[in-house]
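The values are calculated or read from the model by the stated rules, or taken from the named source; none is laboratory data. Owing to the predicted nature of the structure, the values given are computational and were not obtained by experimental measurement. Cβ coordinates were reconstructed from backbone atoms using ideal geometry, including for glycine residues, and neighbour counts include every protein chain displayed.
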């Protein structure tokens, strides 16, 4: 397998393209926005420069990797030679179903179709195609060039051959694959999101402040960042969406999103990407302070 197509040129899409290109694969990035495609190439180049500064890659390796990447604004052009397609579009079920209907129509019949979804049912996505046995979840973590985990999600009809192929492919990328089954939130978000939600409830109920909650988890539980800072990093709108998937999927009130989270998303306070969430971020996102709303 050498030809990979990545659908979506956002943060996750460009990160996935980066690691495949770095490991010698020919990568086609597909996005309807030419501006987003240009931004993706610029971001990949900048991230390679960070790796060069750290001594993990060379200028020659960067040059070779960038030469492995092509960009397309039309799905039919971008997937016609693909052996694996990784969808990394916005976490919206209707959008993903539409994308999978299209790639199923234009991609070669033997091509494996993977989704980077963090919560949407792989079985539901597979049913939008005529090749359910070749559809699988390939959930990378952000930032993709740094994080080692790939959560490999089997849909109800995913074949063992496809699962084994994706496991071995993940290892070729220098990642550690973990195979899980298709239930709401899979494993990563089924465990992570209730923790984040409980941290937000603790703030909402006045148990402790933002810094105190995050400090307890960083120093007491050895987490690299606290749950409220992590929620800001993920995006509070994404957290809310995943919690709604868990709540709807299991029908269990323990997954109900905290009212404070709902209000913040309604107000457009989405975290790092909007400039304010539980913290306020400067333009470079290198410095942040607790939002005045929580002081």
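For this structure, a couple of remarks:
- Qualifying residue in the stretch 97-112 (condition: touching a residue at least 12 places away in the same chain (Cβ under 8 Å), touching a helix residue (DSSP H, G or I) at 6+ places or on another chain (Cβ under 8 Å) and in a strand (DSSP E or B)): yes
- Filtered residues of the stretch 262-276 (kept if assigned to a helix (DSSP H, G or I), in contact (Cβ under 8 Å) with a residue 24 or more places away in the chain, within 20 Å of the chain's Cα centre (by Cα) and closer than 16 Å to residue 290 by Cα): 272, 273
- Criterion (closer than 19 Å to residue 248 by Cα, surrounded by 17 or more Cβ atoms within 10 Å (Cβ to Cβ) and more than 17 Å from the chain's Cα centre (by Cα)) met by exactly one of 185, 155: 155
- When 199, 231 are checked against the criterion of being touching a helix residue (DSSP H, G or I) at 6+ places or on another chain (Cβ under 6 Å), without any contact (Cβ under 8 Å) to a residue 60 or more places away in the chain and farther than 22 Å from residue 148 by Cα, a single residue qualifies: 199.
- Of the residues making up the stretch 153-181, those that are in a helix (DSSP H, G or I) and either closer than 24 Å to residue 128 by Cβ or free of Cβ contacts under 8 Å to residues at least 40 places away in the same chain (or both) are 160, 161, 162, 163, 164, 165, 166, 167, 168, 169, 170, 171.
- Residue match in the stretch 225-232 (condition: surrounded by 20 or more Cβ atoms within 10 Å (Cβ to Cβ), in contact with a strand residue (DSSP E or B) (Cβ under 6 Å, 6 or more places away or on another chain) and not assigned by TED's automatic domain parsing to the domain that holds residue 141): yes
- Selection within the stretch 242-256 - closer than 23 Å to residue 90 by Cβ and either surrounded by fewer than 21 Cβ atoms within 10 Å (Cβ to Cβ) or touching a strand residue (DSSP E or B) at 6+ places or on another chain (Cβ under 9 Å) (or both): 244, 247, 248, 249
- Of all the numbered requirements in (1) assigned to a helix (DSSP H, G or I); (2) more than 17 Å from the chain's Cα centre (by Cα), residue 191 misses one, and that requirement is (2).
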